[in-house]
Structure formats: C-alpha cells, structure tokens
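Novice: If you scroll down you'll find the structure; I have some questions about it.
The values are calculated or read from the model by the stated rules, or taken from the named source; none is laboratory data. Treat the numbers as computed from the prediction; the structure is a model and nothing was measured. Quick reminder, even Gly has a Cβ in these numbers, built from the backbone with ideal geometry, and neighbours come from all protein chains shown. For the accessible areas, the whole protein counts, side chains as well, though only heavy atoms, and no ligand, DNA or RNA atoms are used. Shrake-Rupley method; radii C 1.70, N 1.55, O 1.52, S 1.80 Å.
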Amino acid sequence: SQSERKEELFADIRTDDLPRRIDKLIDYHYELLTNNEAEFRLFLSAVLKESVQDSENNTRAGRRIMLTEEALRPLQPTTPKPEFDKMVSAISVVLGIESLTVLKDLCQLENAEIQETWKWMINKIIRV
C-alpha cells in the first residue's frame, strides 16, 4: 500500500528529525525525476494535452503530496492546519517534473544546481 511505502522512505529517520526527512524527500524526487526524465516529460505532455481536451477531469494521482506530508510530520503539531497545507502544496510544486523542466529549460540549470535550488526553496518554505 502507499502508506507502507511512505513509511519505508523515512523508516531510518526519526520522526522529529525534520532536516533529514526533508533531505530524503528531495533526494527521492530528484533521483526519480532525473533517472526517468524523458518518461516524466512525456507523461506531463500527455496530461497537459488531456487537460485541455477534458477540463472536467484534469486531476492526477501521485505520491508527492503524501510523501511531503510525511516528511513534514514534525511540523504538524505546532503548525496551524491551513499553514501546514500551504507548505505541502508549495513543496509539491517544487518537487515535480514541472519545476525540473522550468529550471532546466528556462533557467538553464544543470541537474545538481536544480537539486540545490530545490533545497533552497523548500528551506525557505519551511523557514529552516
């Protein structure tokens, strides 16, 4: 199940160790996207085309939100729910093929620079 997989990703990290959980979240998405970039770009292209043709059904499933919520679990008890949800949404924008595409194609960043930029953005979002 997805719940088991999200716990596996953070299994070796204490629940209260936010910096390591964030690093793991970023590294996971970075590896996944850079190792499968062509496939993710094709998928994004298909999803965008479909969303124009059928604007009623333009949602897609993914693990990004669930994994981000799990990574940010140490913040949950002390962060108001609306703010926590905004952090999850903002980080979900950062950790996707959409962001990788903009940073690579428009900003002309190399993969390692993209990973560093993601870390910088997420640290700003969570104020680390």
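Novice: Restricting attention to the stretch 106-128, which residues are of a type in the set (S, T, N, Q), within 15 Å of Glu37 (Cβ to Cβ) and within 14 Å of the chain's Cα centre (by Cα)?
Specialist: Gln115
Novice: Look through the stretch 86-105, keep the residues that are of a type in the set (D, E, K, R) and at pLDDT 95 or above, and return whichever of them is least open to solvent (accessible area, probe 1.4 Å).
Specialist: It comes out as Lys104.
Novice: I've got another one for you. Applying the selection to the stretch 106-128, what residues are exposed (fewer than 13 other Cβ atoms within 10 Å of the Cβ) and outside any helix (DSSP H, G or I)?
Specialist: Cys107, Gln108, Glu110, Arg127, Val128
Novice: Return a yes/no flag: does the stretch 60-81 have any residue that is among the small types (Gly, Ala, Ser), farther than 20 Å from Glu8 by Cα and open to solvent by less than 90 Å² (accessible area, probe 1.4 Å).
Specialist: Scanning the stretch 60-81 turns up no residue that is among the small types (Gly, Ala, Ser), farther than 20 Å from Glu8 by Cα and open to solvent by less than 90 Å² (accessible area, probe 1.4 Å).
Novice: Looking at the stretch 92-128 only, could you name the residues that are touching a residue at least 60 places away in the same chain (Cβ under 8 Å), within 25 Å of Phe40 (Cα to Cα) and hydrophobic (A, V, I, L, M, F, W, C)?
Specialist: Scanning the stretch 92-128 gives Leu95, Ile97, Leu100, Ile114, Trp118, Ile122.
Novice: Search the stretch 1-24 for residues that are more than 22 Å from Met121 (Cα to Cα) and open to solvent by less than 100 Å² (accessible area, probe 1.4 Å) and pair each with any residue that is modelled with pLDDT of 90 or more and in a loop (DSSP other than H, G, I, E, B) when their beta-carbon atoms are under 9 Å apart and the residues are at least 6 apart or on different chains.
Specialist: none
Novice: State the number of residues belonging to the stretch 9-41 that are assigned to a loop (DSSP other than H, G, I, E, B) and touching a helix residue (DSSP H, G or I) at 6+ places or on another chain (Cβ under 7 Å).
Specialist: The qualifying residues number 4.
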